[in-house]
Amino acid sequence: MSKQFDVIVIGAGPGGYIAAIRAAQLGMQVACIDEWKNDNGGPAPGGTCTNVGCIPSKALLQSSEHFEHATKHFAEHGISTGKVTMDVATMIGRKDTVVKQNNDGILYLFKKNKVSFFHGRGAFSKAVEGGYEIKVEGAASETLVGKQVIVATGSNARALPGVAFDEVNVLSNDGALRVGAVPKKLGVIGSGVIGLEMGSVWRRLGADVTILEGLPTFLGAVDEQIAKEAKKAFDKQGLKIELGVKIGDIKSAKKGVSIAYTNAKGEAQTLQVDKLIVSIGRVPNTIGLNTEAVGLQLDERGAIVVDADCKTNLPGVWAVGDVVRGPMLAHKAEEEGVAVAERIAGQHGHVNFNTIPWVIYTSPEIAWVGRTEQQLKADGVKYKAGTFPFLANGRARALGDTTGMVKFLADAATDEILGVHIVGPMASELISEAVVAMEFKASAEDIARICHAHPSLSEATKEAALAVDKRTLNF
Ligand SMILES: Cc1cc2nc3c(=O)[nH]c(=O)nc-3n(C[C@H](O)[C@H](O)[C@H](O)COP(=O)(O)OP(=O)(O)OC[C@H]3O[C@@H](n4cnc5c(N)ncnc54)[C@H](O)[C@@H]3O)c2cc1C
């Protein structure tokens, strides 16, 4: 006998588990299927984000930042320590505990919201009257029927052609989060978010890190002025970033990995490292979903084709998150999950792609929302820019972290905020104010006239808004 549901969600990453909870809140009978296993074979809902992405990377970034503070900055505060050492196994163990807390939290939320969780792989079996039959293969095999199906099967790391991830020497994000000892020399291919974050973790712990990037510009999607400021900081920290390289042969042996490449000047080079992280993007994942059984349409990249509302080519089948078009971000997946659940319930779910924040959790952090200065120029938009450096912010001085700035871009005629770009301490938290402002179509003057707590980093945001009108008070 098959089990009947109003909604079946395949995948319990941020897109899927949030969609399942929202659908249950709206009174639907909901099943959520996820195949991720923890080290004991038990369920580990939360997807890439919880298990090998957002959460564990931030846990390691935090540990490595503490280490760097202890070894390089405590003395400025008059704190002396003995020799500071790093026990990598403890750091990784702590990270695993943080991951487990999140896995358990999601299982608890499923119970609380009466979402039926199935641990196993879900695959389309056939269309049936009024819905779809989904087979679950896992701890126990089940046949489910759902009136509506939400596919949230996420993405996988992209490998370099001919260079498979062995997770010992050649690491994806998964292996990069499990390295058992600080490598002496670490290579990273790709200077995107994941490459920079992982490179930062191991550099702080003492690895000699070289990042090789194929593109000629550093962080091309980031506002140029902000990217330049970040690059300066990374150079100072000793993170070596080579741009415009062409990767050649990669040989992995017991002793390490050798990477042949041509540098931007066209010179042949070889980089010898103990470990290599390949972070050149991610590919949508529909492995084992049996899309052919029902004729679910994929594009040439393997992503599920959806419209602006996340509807697929099949009636009653939706898809959200990394497996569809758009930025591969956990909060984008969540927003789509909520919107789809609400649309199924007959409500008007809404995702505003123009106000999705982006964050790179390096030190300094980089965060932005809206358009960059180069995009505004390309779009022919007349704008005003205002910047304020953390160097002139009292809280940043007290923190001992004055790198970077806040930058506002506002429409030249209406003063509406078009983009906010931050490089500096706590940029990931500061960006929220800008997101709210843009969502409410605020002007730079609106932010400039709002009282901000003193001393706080957020005063740099207010001052950057004032700078749009050339009237900063503290710089
Ligand atoms: C190292 C790293 C750091 C990152 N840091 C950030 C960050 O700081 N902020 C941010 O916003 N984003 C970050 N991301 C991206 C973020 O993790 C993804 O955008 C997000 O996880 C996508 O969510 P999703 O629900 O679409 O898919 P996923 O999180 O990938 O979840 C998909 C789930 O579906 C399951 N599944 C797949 N197929 C099936 C099937 N047939 N049956 C059952 N289950 C199935 C998988 O097991 C998985 O649990 C990071 C990614 C990486 C790799």
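The values are calculated or read from the model by the stated rules, or taken from the named source; none is laboratory data. Note that the coordinates shown come from a computational prediction; the quantities given were computed from them, not determined experimentally. Cβ placement follows ideal geometry from the backbone for every residue including glycine, while neighbour counts extend to all protein chains displayed. Note: areas computed on protein heavy atoms with side chains; ligands, DNA, RNA excluded. Shrake-Rupley method; radii C 1.70, N 1.55, O 1.52, S 1.80 Å.
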Check: From the list Ser200, Ser191, which residue is part of a helix (DSSP H, G or I), within 30 Å of Val420 (Cα to Cα) and of a type in the set (S, T, N, Q)?
Finding: Ser200
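If I filter segment 201-213 down to residues being of a type outside the set (A, V, I, L, M) and out of contact with any strand residue (DSSP E or B) (no Cβ under 7 Å at 6 or more places or on another chain), which single residue comes out as least open to solvent (accessible area, probe 1.4 Å)?
So the residue we want is Arg204.
Residues checked against (1) under 23 Å from the mean Cα position of the chain (by Cα); (2) of a type in the set (D, E, K, R); (3) within 13 Å of the ligand (Cβ to nearest atom):
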position: Ile8; (1), (2), (3): no, no, yes
position: Gly15; (1), (2), (3): yes, no, yes
position: Ile18; (1), (2), (3): yes, no, yes
position: Arg22; (1), (2), (3): yes, yes, no
position: Gly27; (1), (2), (3): no, no, no
position: Trp36; (1), (2), (3): yes, no, yes
position: Gly41; (1), (2), (3): no, no, no
Next item on the list: Would you please name the residue that is nearest to the ligand (Cβ to nearest atom), looking only at residues in segment 133-154 that are aliphatic (A, V, I, L, M) and in contact with a Lys or Arg (Cβ under 9 Å, 6 or more places away or on another chain)?
Entry: Val136
Item checked: Hits in segment 364-390 (condition: out of contact with any Phe, Trp or Tyr (no Cβ under 9 Å at 6 or more places or on another chain) and either outside any strand (DSSP E or B) or surrounded by fewer than 16 Cβ atoms within 10 Å (Cβ to Cβ) (or both)) -> Thr372, Gln374, Gln375, Ala378, Asp379, Gly380, Val381, Lys382, Phe390
Margin query: Among the numbered criteria (1) more than 19 Å from Val209 (Cα to Cα); (2) of a type outside the set (Lys, Arg); (3) within 11 Å of the ligand (Cβ to nearest atom); (4) open to solvent by less than 20 Å² (accessible area, probe 1.4 Å), which one does Asp322 miss?
Written below: (4)
Notebook entry, point to check: So, in segment 258-298, of the ones that are among the charged types (D, E, K, R) and within 16 Å of the ligand (Cβ to nearest atom), which residue ends up farthest from Ser191 (Cα to Cα)?
Noted result: Glu292
Next item on the list: Could you grab me the full set of residues in segment 406-430 that are buried (at least 23 other Cβ atoms within 10 Å of the Cβ) and under 24 Å from Asp235 (Cβ atoms)?
Entry: Val406, Lys407, His421, Ile422, Val423, Gly424, Pro425, Ala427
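Of everything in segment 176-200 that's within 11 Å of the ligand (Cβ to nearest atom) and in contact with a helix residue (DSSP H, G or I) (Cβ under 9 Å, 6 or more places away or on another chain), which residue is most open to solvent (accessible area, probe 1.4 Å)? Before the answer, list the steps.
Within segment 176-200, the subset within 11 Å of the ligand (Cβ to nearest atom) is 176-177, 192-198.
Those still in the list that are in contact with a helix residue (DSSP H, G or I) (Cβ under 9 Å, 6 or more places away or on another chain) too: 176-177, 194, 196-198.
Working: Ala176: 0, Leu177: 5, Ile194: 70, Leu196: 0, Glu197: 10, Met198: 7 Å².
Out of the qualifying residues, it is Ile194.
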Margin query: Quick check on segment 327-355: of everything there that is assigned to a loop (DSSP other than H, G, I, E, B) and within 9 Å of the ligand (Cβ to nearest atom), which residue is farthest from the chain's Cα centre (by Cα)?
Written below: Pro327
Check: Got a sec? Which strands (runs of 3 or more DSSP E) wholly within segment 218-275 have at least 2 residues that are touching a Phe, Trp or Tyr at 6+ places or on another chain (Cβ under 6 Å), surrounded by fewer than 20 Cβ atoms within 10 Å (Cβ to Cβ) and without any contact (Cβ under 8 Å) to a residue 12 or more places away in the chain?
Finding: none
Next item on the list: Go through segment 25-134 and tell me which helices (runs of 4 or more DSSP H), entirely inside it, have 3 or more residues that are open to solvent by 70 Å² or more (accessible area, probe 1.4 Å).
Entry: 88-112
Check: Is it fair to say Asn173 is closer than 21 Å to Met91 by Cβ, within 11 Å of the ligand (Cβ to nearest atom) and surrounded by 19 or more Cβ atoms within 10 Å (Cβ to Cβ)?
Finding: yes
Next item on the list: Confirm whether Ala308 is within 22 Å of the chain's Cα centre (by Cα), farther than 30 Å from Val188 by Cα and open to solvent by 20 Å² or more (accessible area, probe 1.4 Å).
Entry: yes
Notebook entry, point to check: Just one of Gly122, Gly130, Gly82 is in contact with a Lys or Arg (Cβ under 9 Å, 6 or more places away or on another chain) and at pLDDT below 95; which is it?
Noted result: Gly130
Note to self: Quick check on this structure: which one of Asn352, Asn393 is open to solvent by 20 Å² or more (accessible area, probe 1.4 Å) and not charged (D, E, K, R)?
What the structure shows: Asn352
Notebook entry, point to check: Within segment 155-168, is there a residue that is hydrophobic (A, V, I, L, M, F, W, C), under 25 Å from the mean Cα position of the chain (by Cα), within 13 Å of the ligand (Cβ to nearest atom) and open to solvent by 50 Å² or more (accessible area, probe 1.4 Å)?
Noted result: yes
